[in-house]
Amino acid sequence: DFLNGQYTVFGEVIDGMDVVDKIKAIPTQARSPLFANLPTTPVLIEKAEVVE
């Protein structure tokens, strides 16, 4: 109930750390104290998998 379905929670990256590094390199800007590190360009993750 706390997150009300508004957030995605990620686990461990087992492959594709280069993609994580590219996302991390995108410049951010503050829009308010609550949103201090928003990307200056949108980030879209097109595919994710659950590996059991």
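Coordinate-derived values only; no laboratory data. Since the model is a prediction, treat every value here as computed from it, not as a measurement. With ideal geometry, Cβ positions are generated from the backbone for all residues, glycine too; neighbour counts draw on all protein chains shown.
Return the residues of the range 14-52 that are of a type in the set (S, T, Y) and out of contact with any Pro (no Cβ under 6 Å at 6 or more places or on another chain); say none if nothing qualifies.
Correct list: S32, T41.
For the range 12-52, name all the residues that are polar (S, T, N, Q) and either in contact with a strand residue (DSSP E or B) (Cβ under 8 Å, 6 or more places away or on another chain) or free of Cβ contacts under 8 Å to residues at least 12 places away in the same chain (or both).
Those that are polar (S, T, N, Q) and either in contact with a strand residue (DSSP E or B) (Cβ under 8 Å, 6 or more places away or on another chain) or free of Cβ contacts under 8 Å to residues at least 12 places away in the same chain (or both): T28, Q29, S32, N37, T40.
From the list F10, F35, which residue is in a loop (DSSP other than H, G, I, E, B) and surrounded by 10 or more Cβ atoms within 10 Å (Cβ to Cβ)?
Exactly one of F10, F35 is in a loop (DSSP other than H, G, I, E, B) and surrounded by 10 or more Cβ atoms within 10 Å (Cβ to Cβ), namely F35.
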